[in-house]
1. Between I170 and residues 5 or more places away or on another chain, which pairs have amide H atoms under 5 Å apart, with H built 1.01 Å from N, and which residues are they?
2. Taking the highest mean first, how do the peptides 106-119, 168-181 order by number of other beta carbon atoms within 10 angstrom per residue?
3. Sorted by packing (mean other beta-carbon atoms within 10 Å per residue), highest first, where do 84-90, 55-61, 133-139 land?
Amino acid sequence: MTTVPGLSPSTVGEAGEMAAAAIAEAEALTSRHPRAGHVPVGPLTVFNGDLDAAADLCIAAVRARRGLRVATANMDFVARARRDEILRLDLERSSLVVADGAPVAWLARLAGGRQTRRVTGVDLVAAICSRASEASPVRVAFYGGEPAIASQAAIELERRYPGVRVVTRISPPYRAMSPDEVDADVAALALARPDVVLIALGCPKQERFIAEHFGALPGATWIGVGGTFDFYAGRRRRAPKFLQNAGAEWLTRLAQEPRRLWRRYLKDDLPSLLHVAPAALRNRRLADASEVDELRRSLTGAA
């Protein structure tokens, strides 16, 4: 369901042509984004920074109209990317991959990312929106989630952050969509002219959607946010702060959705954690050795 009124077939066609014309430019933009400041975590490279640093990068990109592709990665991303080459490439081509899960942040620090901290999708959206203002508003588009949930989440986001304008909400059906349906949704996103596009389709669908359609809005910041709308709509609750700070928020999620999550945590995520940790430690040792060599050269004046 698209909430942009007056969208005619001819308008959809025009917007589709504009999106297609922008794809080459978008690919050039994303290919130029540096991956410096990232550390390897198994098949991913994770941002070596905290919430404020990630939000500052996103809002700077918004102000400069330099498109970003942002992924919020937990251990499920690591597990899936180990066996899904398309997802791995989609994440590799992202501008920013933040550590949504505490284990991902731990692994990044183990690999030498001393500044890496957990950055959840819920917190990143809040941090970006808090940097908006009435004088310098941020236009936000929602894609994904049930219509009622997306509507309530949009109301709550605008209530909390007066500088935020939710300019469109699109809730695609829970079935395979035809190319024409997808094109119509993408055209509606483009016509709304958002600064930030929040894609809530879950992994790996949201990462694939961003990779395929970033060209429709190459100056926007696209973020895969998973179940973030549920939290803003009040359908799900965050863990208490002490559990979040201890890296144990997963316990609350497991209690809320035991049938869906217990198998994922034990069958997929835990083996991936045990597989990736030794490699992360080896990367840490190599990085430390490289730093020592660089320091030695700087002290001795060697080339």
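1. F142, Y143, G144
2. Most protected by this proxy first, the peptides run 106-119, 168-181.
3. Answer by packing, highest mean first, reads 55-61, 84-90, 133-139.
Read the figures in this text as sums done on the coordinates, not as results from a lab. No experiment lies behind these values; they were computed from the predicted model shown. Note that each Cβ is placed from the backbone with ideal geometry, even for glycine, and that neighbours are counted across all protein chains shown.
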